[in-house]
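Remarks on the structure that follows.
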Amino acid sequence: MPWWLQSLIGLAIALTVVWLALVGTLLVTKPDRVQLREALRLLPDLLRLLRRMAADPTMPPGVRVRLGLLLCYLAIPIDLIPDFIPVLGYADDAIIVTAVLRSTVRRAGLDAVRAHWPGTDDGFAAVCRLTGLRDRQ
């Protein structure tokens, strides 16, 4: 078997293993239906929050890179999990946004997220609930 074919098969296997690991992670962390509905209601405010934080030059560079990559992922029509798969098909975006927000708060702090939040106080409290973060109001 030629080396390029072996390399191509190895790459396909590696990508499949990474995809399966991501799907497994999403299955473990999937929200229930009530949380998913609440996350979808907050989506416009969350998108504005992500854009504002990614454009803020005072944010740490690693956070800005994560947020920029997340915005690119959300803009691309191809999902990690196809939408025809029940519950997870639509939940993968919400789960990934939640994971990135948790990571952002660990690095930049909850106060930075609060300063950029474009919505209501109730909406911010809902974001804190969905992401498992504690709002210190």
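The values are calculated or read from the model by the stated rules, or taken from the named source; none is laboratory data. These figures come from a predicted structure and were not determined experimentally. All Cβ positions, even for glycine, are placed from backbone atoms using ideal geometry, and neighbour counts span all protein chains on display.
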What's the number of the condition ILE81 fails, among (1) surrounded by 15 or more Cβ atoms within 10 Å (Cβ to Cβ); (2) modelled with pLDDT of 85 or more? (2)
Contact list please: Cβ distance under 9 Å, first residue in the stretch 1-21 and over 21 Å from PRO82 (Cβ atoms), second residue among the β-branched types (Val, Ile, Thr), pairs at least six apart or on different chains. MET1/ILE9
If I ask for residues that are surrounded by 15 or more Cβ atoms within 10 Å (Cβ to Cβ), part of a helix (DSSP H, G or I) and not β-branched (Val, Ile, Thr), which ones from the stretch 49-66 would you list? LEU49, LEU50, ARG51, ARG52, MET53, ALA54, ARG64, ARG66
I need the full set of residues from the stretch 87-120 which are under 24 Å from VAL17 (Cβ atoms) and in a loop (DSSP other than H, G, I, E, B), in order please. VAL87
Output for Cβ contacts, cut-off 8 Å, separation at least six or different chains, first residue more than 19 Å from ILE95 (Cβ to Cβ) in the stretch 107-133, second among the polar types (S, T, N, Q) and part of a helix (DSSP H, G or I), reads ALA112/THR104
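Which one of these is at pLDDT below 90 and either β-branched (Val, Ile, Thr) or surrounded by 12 or more Cβ atoms within 10 Å (Cβ to Cβ) (or both): LEU46, LEU69?
LEU46
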